[in-house]
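Report on one structure; see the data block that follows.
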C-alpha cells in the first residue's frame, strides 16, 4: 500500500485547508461545469462528446500541453531561489494535517495536483477514443431520456475537473505573479522600517 500512497501523493492538495481555497476548488468549477453542461445539451446543435470533432478529442491536446507545463512548474518551484517562497503564509494560514505550509510547499502541492488531474483526463480521453465504437453501440441501446441523463452526468463530472484545472491554475499564477514578490515588514527596532516595507494584505494566504 505504500506505493499507492506515493503514486497518489499529489491528491494531498485536496486536504489543504483555507476558506478561499474551497471557492476555487469546488464552488466556481462546479457552477461553471453545470452551466456548461446544460448549454452543451440544450443548444440547437448539441455538443458531440465522442468522435473526431467531439469534446474529449478537442480538449485532449489542450490538456496534454497543460500537463507538461504543470510538471515543469513543480520542478521550477522546487528550485526557485526566492526567500518569499519559504515563509509561512500570512493571514489565515494554509494548513495540511494541522501544520502550516510555506508558499513553496503549497505551490508544489498545487501544481502537482494539476499535473495529476491533467494526466487522468488525458487518459480518460484516450480510453474513450479507443473504445469509441463500443461506447456508441451501448448508447444506441439506451432510451433517449437515459441517454440525456448519462450525457448530463458525464459532462458535469468531466467539465468540473476541466474547470478545476482552469481555476486552480489561475490561483497558482496569482501566487507566482504577485504574492511571492511582496515584501514582508520586518521589525528591526528602527523607526520607519516597517512603514517602508509593503505588508501582505487581508486574509489572502
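Quick look at the numbers
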| quantity | calculated |
| --- | --- |
| Segment 11-53: number of residues that are within 18 Å of the chain's Cα centre (by Cα), in a helix (DSSP H, G or I), surrounded by 14 or more Cβ atoms within 10 Å (Cβ to Cβ) and at pLDDT below 90 | 1 |
| Yes/no for residue 56 being touching a helix residue (DSSP H, G or I) at 6+ places or on another chain (Cβ under 9 Å), at pLDDT 90 or above and assigned to a helix (DSSP H, G or I) | no |
| Qualifying residue in segment 129-140 (condition: closer than 19 Å to residue 56 by Cβ, at pLDDT 80 or above and assigned to a loop (DSSP other than H, G, I, E, B)) | yes |
| Residue 5 vs. criteria exposed (fewer than 14 other Cβ atoms within 10 Å of the Cβ) and at negative phi | yes |
| Verdict on residue 125 being buried (at least 19 other Cβ atoms within 10 Å of the Cβ) and closer than 17 Å to residue 168 by Cβ | no |
| Residue within segment 104-111 that is surrounded by 14 or more Cβ atoms within 10 Å (Cβ to Cβ), modelled with pLDDT under 90 and not in a helix (DSSP H, G or I) present | no |
| Single condition residue 147 does not satisfy, out of (1) under 21 Å from residue 58 (Cα atoms); (2) surrounded by 13 or more Cβ atoms within 10 Å (Cβ to Cβ); (3) at pLDDT below 90 | (1) |
| Tally, over segment 24-45, of residues that are farther than 15 Å from residue 156 by Cα and either out of contact with any helix residue (DSSP H, G or I) (no Cβ under 9 Å at 6 or more places or on another chain) or free of Cβ contacts under 8 Å to residues at least 60 places away in the same chain (or both) | 3 |
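The values are calculated or read from the model by the stated rules, or taken from the named source; none is laboratory data. Everything numeric here is computed off the predicted structure, so don't read it as measured data. Heads up, the Cβs are rebuilt from the backbone with ideal geometry, glycines too, and the neighbour counts pull from every protein chain shown.
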